[in-house]
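Please read the structure below before turning to the comments.
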Amino acid sequence: MRVCVVGTGHVGLVTCASLAAVGHEVVGVDSDEAKIEQLKSGDSPFFEPGLPELVEEGLRSQRLRFSTQIADGAPEAEIVFICVGTPPRESGEANLVAVENATREVMQHLSRAAVIVEKSTVPAGTSERIRRTLQRERPDLAPQVDVVSNPEFLREGKAVEDATNPDRILIGADGERAFVPMRELYKPWIDRGVPVFETNIATAELAKHACNAFLSTKISFVNALARLCERAGADVVAVADVMGADDRIGRQFLNAGLGYGGYCFPKDLLAFERLASRLGYEFGLLREVATINDDAVRAAVEKVKDALWNMEDKRIAVLGLAFKPDTDDIRLSPSLALARQLLDEGAHVVGYDPVAGLEAKGEIPDLEVVNTMWEACEGAHCVVIATDWQEFKDADLERLRSTMAYPVVVDGRNIYEPAEMNRLGFTYYPTGRPVVS
Ligand code: NAD
């Protein structure tokens, strides 16, 4: 099929490359000229394992092209994906200006019957807005154009794996006609047995928000438990293991730590809460989830203060700046929130991340960013594990102790064994587990 993907960011680029890989003709469009130049020359604009290879395969087969002009992709497309950003407004509501602009531009260039697909995460009701805009912009074509919701569930760091082998495909449409081309588009996945959920549009839009809100709730639940375990002398990892052994609960997303971040959970949770409020339902649980998440970073800062007394003239190494491992995405990263709070306390903060250092420096100029974990830890009074990269899990802990000025580790991701840290002579503050001193 001929497909146009508007927005070639973390979601759009993976969408482009995975659709081209199964044989569709795809044009990826982005208003960011530098990004499109990079993509045309075979460079990846962000770090995502396996993605450069998939994009290169698409370019080589000539089934994947990139452009800054919607006019290069939309007129011939049978399906147009909208994958632009939906950042939070000050109020927490989703800012849908990019979605409106992109869809309006697409509509102006449509020349045939087509399906406009919202892949960006948007509040329930957005498709209705798009449909109204369509009627105003293109009354001539509106009866032949369908609007579909097809939310994306990929995880950064595992995006290619998730796109190739998703655990479900969700298609929301109001009317059988729109499902037909979507089934054809996803036939290679459907033939492999990937489950497809077909719903009305509002259900699909709402289901995506519900998934992210529920996962955030699970994380905040275990972080609240961590605060309680710290006070009761209990071990949150063992508590989570016991809970997770119950199939009805499941062990995933029960890891206590600095909380969730990134471009999905924080903004989607707030946008969902705002949507509920606008619809007349006060979803207070979601507000509490966000509060507990903010507290997770504050709790780690308190541990650093407890260990070091005054923060002025103390060198603190923050290991991990991306919001999770295997990505260079620092958007709403808890590590950066932590670094900011430590800087506000007057500490000298040195950050290291295997891939996100440059991005973090751009975001927090006062943060010293170095190129190796050992440079960061040299002479440090405290090391904070902020992102659970494999490199930190594999680190030589004896070397770490001899590198640091004080052997103090605050582990915001519970990557080390308390008994081992004790044996090596660290003062070790895990999350939700007894302090080792
Ligand atoms: P992103 O910021 O990485 O990419 C968005 C892209 O859209 C940018 O490259 C930007 O230049 C481009 N853009 C904006 N306006 C445009 C326009 N009018 N015309 C052409 N291009 C335009 O964002 P992302 O992480 O890919 O997220 C996109 C959407 O997908 C969001 O709604 C997000 O919530 C959702 N989502 C993200 C993830 C994730 O893990 N990042 C997962 C699932 C869903």
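Please compute one quarter of the surface area of the Cα convex hull for the range 2-199 and express it in square nanometres.
That works out to 10.6 nm², a quarter of the Cα hull's surface.
Only four residue types carry charge here, +1 at the Cβ of Lys and Arg and -1 at the Cβ of Asp and Glu. Report the dipole size of the chain about the Cα centre in Debye, rounded to the nearest 20.
That gives the chain a dipole magnitude of about 860 debye.
Roughly how tilted is helix 97-109, in degrees to the nearest 10 and between 0 and 90, from the longest Cα axis of the chain?
In the chain, helix 97-109 runs at an angle near 30 degrees to the longest axis.
Within the range 226-429, how many lysine pairs that are 8 or more places apart, or on different chains, have C-alpha atoms less than 20 Å apart? Please report the intermediate quantities before stating the final value.
On the way: 267/324; 303/314; 305/314; 314/361; 324/361; 324/393.
Close lysine pairs found across the range 226-429: 6.
Checking the cross-link filter: which lysines have an alpha carbon closer than 23 Å to that of residue 187, excluding same-chain neighbours under 8 positions apart?
119, 158, 208
At a threshold of 8 angstrom on Cα-Cα distance, excluding pairs fewer than six apart, so keeping six or more, what relative contact order does the chain reach in percent?
Result for the chain is 12 percent.
Probe 1.4 Å, all protein chains in place: accessible area of residue 306 in Å², nearest 10?
Accessible area, nearest 10 Å²: 110 Å².
How many nm separate the modelled label positions at residue 247 and residue 104, each set 7 Å beyond the Cα in the direction of the Cβ?
5.2
If you average the alpha carbon positions of the range 14-69 and of the range 85-114, how far apart do those two centres end up, in angstrom?
If you average the Cα positions of each part, the centres end up 21 Å apart.
What order, most packed first, do the peptides 239-252, 316-329 have when packing is the mean number of other Cβ atoms within 10 Å of each residue?
Top of the packing list down: 316-329, 239-252.
So for the chain, taking the charge dipole from beta-carbon charges (+1 Lys/Arg, -1 Asp/Glu), which of 6, 113, 321 sits furthest toward the positive end?
Positive-most Cα among the choices belongs to 113.
Once phi is turned into θ = phi - 60°, what whole-Hz ³J(HN,Hα) does the Karplus curve with 6.51, -1.76 and 1.60 give for every residue of the range 270-281, x standing for Gly and Pro?
5, 4, 5, 5, 5, 4, 4, 4, 5, 8, x, 10
If you consider only alpha-carbon coordinates, what radius of gyration and Dmax does the chain have, in Å?
Here Rg and the maximum Cα pair distance are 23.4, 75 Å.
Under the definition of Cα pairs under 8 Å and six or more residues apart, what whole-number percent is the relative contact order of the range 226-429?
18
What is the spread of the Cα atoms of the range 226-429 along each of their three principal axes, largest first, in whole Å?
Computed over the range 226-429, the largest-to-smallest principal extents equal 57, 40, 32 Å.
What value in Å³ per residue do you get for the convex hull of the alpha-carbon atoms in the range 19-89?
116
Taking 0.36 nm per residue of separation and subtracting the Cα-Cα distance, what length does fully extending residue 197 through residue 135 add?
My answer for the length gained is 19.5 nm.
To the nearest 20 debye, what charge dipole does the range 226-429 have about its Cα centre, counting +1 at the Cβ of each Lys and Arg and -1 at the Cβ of each Asp and Glu?
420
Among 139, 189, 125, whose Cα lies farthest out toward the positive end of the dipole of the range 125-200, if unit charges sit on the beta carbon of Lys, Arg (+1) and Asp, Glu (-1)?
139
Using the alpha-carbon atoms, what tilt in degrees (0 to 90, nearest 10) does helix 334-344 show relative to the longest principal axis of the chain?
50
Considering the options 304, 250, 428, tell which one lies farthest towards the positive end of the dipole of the range 226-429, charges being +1 on Lys and Arg and -1 on Asp and Glu at the Cβ, about the Cα centre.
The one lying farthest along the dipole's positive direction is 250.
Treating the beta-carbon of each Lys and Arg as +1 and of each Asp and Glu as -1, no other charges, what is the dipole magnitude of the range 2-199 about its Cα centre, to the nearest 20 debye?
Result for the range 2-199 is approximately 400 debye, rounded to the nearest 20.
Ranked highest first by average number of other Cβ atoms within 10 Å, how do 272-283, 96-107 line up? Could you put the intermediate results ahead of the total?
Numbers: 272-283: 15.8, 96-107: 19.7.
So the peptides 272-283, 96-107, ranked by packing, come out 96-107, 272-283.
Measuring with a 1.4 Å probe in the full set of protein chains, what accessible area per residue, in whole Å², belongs to the chain?
44
What's log10 of I(q)/I(0) for the range 282-398 at q = 0.11 Å⁻¹, Debye sum over Cα points only, no solvent?
Debye intensities relative to I(0), on a log10 scale: -0.35.
Mind running the shape call on the range 85-174? Use the C-alpha gyration tensor, a ≥ b ≥ c as the square roots of the eigenvalues: rounded below 1.5 for a/c, prolate if a/b tops b/c, oblate otherwise.
oblate
Take the Cα gyration tensor of the range 345-397, multiply each eigenvalue by 5, square-root it, and list the three semi-axes largest first, rounded to whole angstrom.
18, 14, 9
The values are calculated or read from the model by the stated rules, or taken from the named source; none is laboratory data. Here the structure is a predicted model, which means the values were calculated and not measured. As a convention, Cβ positions derive from the backbone with ideal geometry for all residues, glycine included, and neighbour counts pool all protein chains shown. What goes into the accessible areas is simple: the full protein's heavy atoms, side chains included, and nothing from ligands, DNA or RNA. Shrake-Rupley method; radii C 1.70, N 1.55, O 1.52, S 1.80 Å.
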